[in-house]
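Here's the structure, in structure tokens; my notes come after.
Every read-out reported here was derived from the displayed coordinates using simple, explicitly stated rules and does not represent laboratory data. Keep in mind it's a predicted model, so treat the numbers as computed, not measured. When we count neighbours, we look across all protein chains shown, and the Cβ atoms used for this are built from the backbone with ideal geometry, even at glycine.
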Amino acid sequence: MTEQGAWSYAAEAQQSLLFGYTKKQRAEWLAWHRSRDTGFGSTAVYALLTEAQYERVMSVGKRCFGQTGDVAGMTFFFSRQRDAIKKTATRLMPEGTVLARVGLDLRTLEAVFRHRDTWARRNIISATVTRTTASTLNANLRSNVQFLTARGWN
């Protein structure tokens, strides 16, 4: 276990080694996890970015989505079932857009998307962020911003 009990890909790999999984099995398992999640203990949250929004994220080293005023009004979404994005997603996106994802903990997820009791039975939950929730989102990212490419998340 790592600091404060957080689990990591390294901890997962070590545990799998101790249970006797082969190098190939461990690599496939970790690749599967990385395709679905930004890290252990967080939920992958997505946003479809314009080219200008993409450039803004890149200009801050993929550490956040930009200044609060720039982020307010953006729409984010996630799958309650933790569904993976389709392998063909890059071909399905509108031209000139980029799919981004970050990891959020449950407290931040509920601050941005309202409490989970309001989600009803829907699987895909979306929210357009306000200045307040944009600030909360940016301040509590559990991962850097990642972009979907033809080869996977980068």
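Before moving on, here are some points about what is shown:
- Close amide H contacts of residue 143 (hydrogens built in the peptide plane, cut-off under 5 Å, sequence separation of 5 or more or a different chain): 103.
- Approximating the spin labels as points 7 Å out from Cα along Cα→Cβ, the residue 143-to-residue 70 distance works out to 2.2 nm.
- Over segment 42-153, the Kirkwood radius and the radius of gyration, each from Cα atoms, give a ratio Rg/Rh of 0.94.
- Sparsely packed trypsin sites (Lys or Arg not before Pro) within segment 81-154, loop by DSSP, other Cβ within 10 Å at most 11: 82, 86, 87, 121, 122, 151
- As a ratio to 2.2 N^0.38 Å, the alpha-carbon radius of gyration computed for segment 1-91 takes the value 1.37.
- For the pair residue 121 and residue 150 in one chain, pulling the backbone fully straight at 0.36 nm per residue adds 7.3 nm over the alpha carbon distance.
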